[in-house]
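The values are calculated or read from the model by the stated rules, or taken from the named source; none is laboratory data. The shown structure was predicted, so the numbers you read here are calculated from the model rather than taken from an experiment. Because the Cβ atoms are built from the backbone with ideal geometry, glycine has one as well, and the counts that use them run over all protein chains shown. What goes into the accessible areas is simple: the full protein's heavy atoms, side chains included, and nothing from ligands, DNA or RNA. Shrake-Rupley method; radii C 1.70, N 1.55, O 1.52, S 1.80 Å.
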Amino acid sequence: MYTDLATIPARRVGLVLGASEDSPYTRERLVAGAALYHAGKVQHLLVSGDNHRADYDEPTAMKEGLMVLRVPAAAITCDYAGFRTLDSVVRAQAIFGVNDPIIVSQADHVARALLIARGHDMAAIGYAAAYPATHGQTRYYLREALARVAALLDLYLWHRQPKFLGSAEPIIIAEPDASALPLNP
């Protein structure tokens, strides 16, 4: 897991994990994802979150937030079935063809996501987003502790898979057109 933008190796895709649409945690994750994109550390961002009701759409809200941060829409793909961290991580590989993403979230959440990625033979690395000013709530720490136990049970006892899989939709990143690049004399 990396905390310094300057030292993280570049990867093709960043996986930004969702939280509720108006969460300060989500805002910090979007800022971190946009920073990776603008620093050339990723070429594309996969935003994954919950969209289980017609009036609730984390991925679209995340995409719009990234666009406000000057990430072009063409560099963002939405995963609408990222109901849990396990779903988001496994679907990145199984549906979107991303085996080695930079996973973006707060440090403790990244650690759990990396555990899930390793359990599915992914070569993921993580980038820790800042914690919001409201961080430090006992409820958050309790939720994360329980989620880590659930992740271990999902991986090693229940062998749980995402709620929805489906057809592959690989993320295709266009290579720069070599004929448009300036030639060195």
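Calculated on the alpha-carbon coordinates, the convex hull of the stretch 47-103 measures out at 84 cubic angstrom per residue. Span-like helix criteria (full DSSP H runs; alpha carbon extent of at least 20 Å along the helix axis; mean Kyte-Doolittle hydropathy of at least -1.0) are satisfied in the chain by 24-38, 138-153. When the P(r) of the stretch 1-93 is calculated, the portion above 19 Å amounts to 35% of the C-alpha pairs.
When Leu36, Leu115 are compared by accessible area of protein heavy atoms, the largest-first order is Leu115, Leu36, using a 1.4 Å probe. Ranked by the mean number of other Cβ atoms within 10 Å of their residues, highest first, the peptides 68-78, 89-99 fall in the order 89-99, 68-78. Note on the chain: helix-only mean residue ellipticity at 222 nm, from DSSP H runs of 4+ residues weighted -39500 (n - 2.57) and normalised by residue number, equals -11000 deg cm²/dmol. Debye-formula intensities of the stretch 69-179, expressed as log10 I(q)/I(0) at q = 0.17, 0.21 Å⁻¹, are -0.92, -1.26 (one equal scatterer per alpha-carbon, no solvent).
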